[in-house]
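Okay, structure first, notes after.
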Amino acid sequence: MNAQQSEYNVLVNWLELVAALPWSTSTVDDIEISKVNKSRKLLQQTTTTTTIIFSSPEQFYRILMKRCMM
């Protein structure tokens, strides 16, 4: 790929990002499919009816989890 092409910088940045990921680190995920499906439905309803602006990802997560527990 020629460095003059517009996709060149996008590809280089993506490759650098992927190379910098902590490949030897892992986590234990505790995902309940029912909560995921409920969250997805709630998010779809919210995004199609109104626009909500959150001040932080944490605020979004707290509100989403609160609504999923209803």
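The values are calculated or read from the model by the stated rules, or taken from the named source; none is laboratory data. Note that the structure is predicted; figures quoted are calculated from it, not measured. Positions of Cβ are generated from backbone atoms using ideal geometry, with glycine treated the same way; all protein chains shown enter the neighbour counts.
All conditions in (1) surrounded by 10 or more Cβ atoms within 10 Å (Cβ to Cβ); (2) within 18 Å of the chain's Cα centre (by Cα); (3) at pLDDT 75 or above hold for GLN5, with the sole exception of (2). Could you tell me which residue of the stretch 43-70 is modelled with the highest pLDDT, considering only residues that are hydroxyl-bearing (Ser, Thr, Tyr) and part of a helix (DSSP H, G or I)? The qualifying residue modelled with the highest pLDDT is TYR61. Residues in the stretch 1-42 that are in a helix (DSSP H, G or I) and in contact with a helix residue (DSSP H, G or I) (Cβ under 7 Å, 6 or more places away or on another chain): LYS35, LYS38, SER39, LEU42.
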